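Encoded as structure tokens, the structure appears first; notes follow it.
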Amino acid sequence: MSKWIKVEDKLPEHGMLVITWNGSSYRVCRYETALTWKGYKMKFVSVMTRFWDDDATHWMRFPKPPIQ
């Protein structure tokens with residue numbers, strides 16, 4: 001089972017698909033290190049809305065699909 005990792009302790013690798021938690025909701029995001037919006041450096045980009053999600057406090061690896 002995956003464990004939650006504090007954003008302040010460690011960030012995922014560039015391009016990694018992760019689940020984020022902001023204290024009240026989950027999001028599936030891709031971690032990006034080079035995107036900017038109006039000069040603001042983004043971290044997590046929601047795969048559903050394509051909006052950045054930098055209020056995340058924790059993240060975990062996206063689970064691998066079952067082997068068939």
- Task: Would you please give the residues with an amide H less than 5 Å from that of HIS58, counting only those at least 5 places away or on a separate chain, with H modeled from the backbone geometry?
- Result: VAL7, TRP21
- Task: Grab the other residues whose beta carbon is less than 13 angstrom from that of SER2, score K and R as +1, D and E as -1, and report the net.
- Result: +3
- Item | Residue-span extension gain [HIS14 to GLN68] - 0.36 nm each, minus C-alpha spacing | 16.6 nm
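Every number in this text was worked out from the coordinates using simple rules, so none of it is lab data. Because the structure is a prediction, the values reported are computed rather than measured. Here Cβ is always computed from backbone atoms with ideal geometry, including for glycine, and neighbour counts include all displayed protein chains.
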